[in-house]
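For reference, the structure discussed in these notes is given below.
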């Protein structure tokens with residue numbers, strides 16, 4: 001039976017009870033109910049009202065086991081989504097799928113490498129940089145430097161995983177963070193390079209930064225926003241999702 005602490009907002013208590021029955025998620029196999037409970041209660045319950053209003057993210061509900069994910073397809077989706085909003089990402093992703101075949105299963109390293117790069121780029125509406133990044137990603141898979149086995153290895157540290165991913169031209173720390181959050185469902189990813197997350201922190205925690213118009217700067221204000229988010233360890237992935245929600249902004253995958 002789930003234990004709900006006194007002082008918990010009724011909608012949060014109801015959500016926690018619903019989440020108790022959910023299967024463990026991610027390669028680290030954690031309970032979403034534990035993560036939501038921690039986020040709602042940490043730092044004196046600062047985010048409890050946001051949790052009550054927004055519930056839990058849908059991306060944790062999409063798959064029963066992370067092992068069923070195709071890592072190459074997931075990474076292509078992330079590259080397509082770099083620096084774009086949700087609707088634009090979905091439109092270009094649909095074009096990219098169509099450029100290679102009838103459905104998402106057509107997206108394989110071999111299919112990308114067999115395609116003329118410029119033809120694929122134009123058909124999918126990709127920038128030159130994104131087309132080259134996808135091609136280099138496919139080459140890494142073809143050479144065996146990346147694979148499902150490598151990227152779904154639960155013993156691989158976050159730092160080592162990031163290093164393997166950022167070895168691909170056009171895949172930086174933000175893309176690595178999005179893969180860790182939305183594909184592996186790692187619980188404690190803090191995507192400091194995401195402007196939406198930083199803006200959400202500035203709004204919720206009432207922080208002013210060194211950036212333009214007082215925005216939190218990724219480098220200059222690092223200590224400030226990391227201190228604000230420290231109470232949400234080891235579930236900063238979920239806390240980051242609530243920062244998008246605080247801005248009423250869809251996350252990268254939504």
* All positions within the stretch 197-210 that are under 19 Å from residue 177 (Cβ atoms) and surrounded by fewer than 18 Cβ atoms within 10 Å (Cβ to Cβ) -> none
* Asked: Is it the case that the stretch 152-169 has a residue that's assigned to a helix (DSSP H, G or I), under 15 Å from the mean Cα position of the chain (by Cα) and crowded, with 21+ Cβ neighbours inside 10 Å?
  -> yes
* Structure fact -> residue 253 meets each of (1) surrounded by 15 or more Cβ atoms within 10 Å (Cβ to Cβ); (2) in a loop (DSSP other than H, G, I, E, B); (3) at pLDDT 95 or above with one exception, condition (3)
* Search result, residues across the stretch 219-249 that are buried (at least 20 other Cβ atoms within 10 Å of the Cβ) and in a loop (DSSP other than H, G, I, E, B) -> 221, 235
* Asked: Can you name every residue in the stretch 112-136 that is in a helix (DSSP H, G or I), farther than 17 Å from residue 71 by Cβ and in contact with a helix residue (DSSP H, G or I) (Cβ under 6 Å, 6 or more places away or on another chain)?
  -> 117, 120, 121, 123, 124, 130, 131
* Structure fact -> If we take the stretch 7-68, then helices (runs of 4 or more DSSP H) inside it with 1 or more residues that are at pLDDT 90 or above and under 30 Å from residue 149 (Cα atoms) are 10-19, 32-45
* Residue check: is residue 84 at pLDDT below 95 and closer than 21 Å to residue 196 by Cβ? -> yes
* Can you confirm whether the stretch 98-111 contains a residue that is closer than 27 Å to residue 233 by Cβ and either assigned to a loop (DSSP other than H, G, I, E, B) or without any contact (Cβ under 8 Å) to a residue 60 or more places away in the chain (or both)? => no
* Which members of the stretch 148-167 meet the condition of being under 13 Å from residue 72 (Cα atoms) and free of Cβ contacts under 8 Å to residues at least 40 places away in the same chain? -> 149, 150
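The values are calculated or read from the model by the stated rules, or taken from the named source; none is laboratory data. Owing to the predicted nature of the structure, the values given are computational and were not obtained by experimental measurement. All Cβ positions, even for glycine, are placed from backbone atoms using ideal geometry, and neighbour counts span all protein chains on display.
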